[in-house]
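A short reminder: the numbers here are calculations on the coordinates, not readings from a lab. Note that this is a predicted model, so its numbers are computed, not measured. Here the Cβ positions follow ideal geometry from the backbone for every residue, glycine too, while neighbour counts run over all protein chains shown.
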Amino acid sequence: QVQLVESGGGLVQPGGSLRLSCACSGFTFSTYTMSWLRQAPGKQRQLVAYISKSGHTNYEDSATGRFTISRDNAKNTVYLQMNSLKPEDTAVYYCRGIMGPNVYWGQGTQVTVSS
């Protein structure tokens, strides 16, 4: 049974930090490209960052320099460290794993940036 379980979301003040985690099971995590996406109310889901199986990373423009994606293949977990958070980062954040035709999603975790 494939599971992707996100955690670490919550309410944070502007300028603050959060670290999201996505614990995965039921598939060969190390062979998958892992991504974080987010969806704000009334907007389309957008890619925030991804990390390939070899560790190559890429970021959406607004995340560059503030967010860091990483993975721990021994723990089957992907992380998103988010610093200097802004109100516009408020969204539900989703973890996704892709390898070929296989695409797996987590259930999402809410991040709210507000004073």
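Tell me, what HN-Hα J-couplings in whole Hz come from the Karplus equation 6.51 cos²θ - 1.76 cosθ + 1.60 at θ = phi - 60° for each residue of the stretch 40-53, using x for Gly and Pro?
8, x, x, 10, 6, 5, 10, 6, 9, 6, 9, 9, 7, 5
Where in the stretch 1-109 are there trypsin sites (Lys or Arg not before Pro) that are in a DSSP coil and have at most 11 other Cβ atoms within 10 angstrom of their Cβ?
Sparse-neighbourhood loop trypsin sites (Lys or Arg not before Pro): 43.
Taking the Cα centre as origin and putting +1 on Lys and Arg beta-carbons and -1 on Asp and Glu beta-carbons, what dipole magnitude results for the stretch 27-115, to the nearest 20 debye?
So the dipole magnitude of the stretch 27-115 works out to roughly 140 debye.
Multiplying the sequence separation of residue 62 and residue 3 by 0.36 nm and subtracting their Cα-Cα distance, what value in nm do you get?
This chain segment gains 18.4 nm when fully extended.
How large is ³J(HN,Hα) for each residue in the stretch 68-75, as worked out from phi by the Karplus curve 6.51 cos²θ - 1.76 cosθ + 1.60 (θ = phi - 60°), to whole Hz, x for Gly and Pro?
3J(HN,Hα) across the stretch 68-75, in whole Hz: 9, 9, 8, 9, 10, 5, 5, 9.
So which aspartates and glutamates can residue 53 reach, going by Cα to Cα under 17 Å and dropping same-chain residues fewer than 8 places off?
Within the straight-line cut-off, residue 53 pairs with 72.
Considering Cα pairs under 8 angstrom that are at least six residues apart, work out the relative contact order of the chain and quote it in whole percent.
36
When only C-alpha pairs under 8 Å and at least 6 residues apart count, what is the relative contact order of the stretch 49-115, in percent?
The normalised contact order for the stretch 49-115 reaches 22 percent.
For the stretch 21-26, in order, what is each residue's ³J(HN,Hα) by Karplus, 6.51 cos²θ - 1.76 cosθ + 1.60 with θ = phi - 60°, in whole Hz (x at glycine and Pro)?
After applying 6.51 cos²θ - 1.76 cosθ + 1.60, I find 10, 9, 8, 10, 7, x Hz.
Working only with C-alpha atoms, what are the Rg and Dmax values of the chain, expressed in angstrom?
When restricted to the Cα atoms of the chain, Rg and Dmax are 13.3, 42 Å.
Okay, which of the stretch 79-113 sit inside 16 Å, backbone N to the point 7 Å along the Cα-Cβ direction of residue 70?
79-84
When the label point is put 7 Å from the Cα of residue 83 along its Cα-to-beta-carbon vector, which residues of the stretch 27-45 have a backbone N closer than 14 Å?
Those under the cut-off are none; the list is empty.
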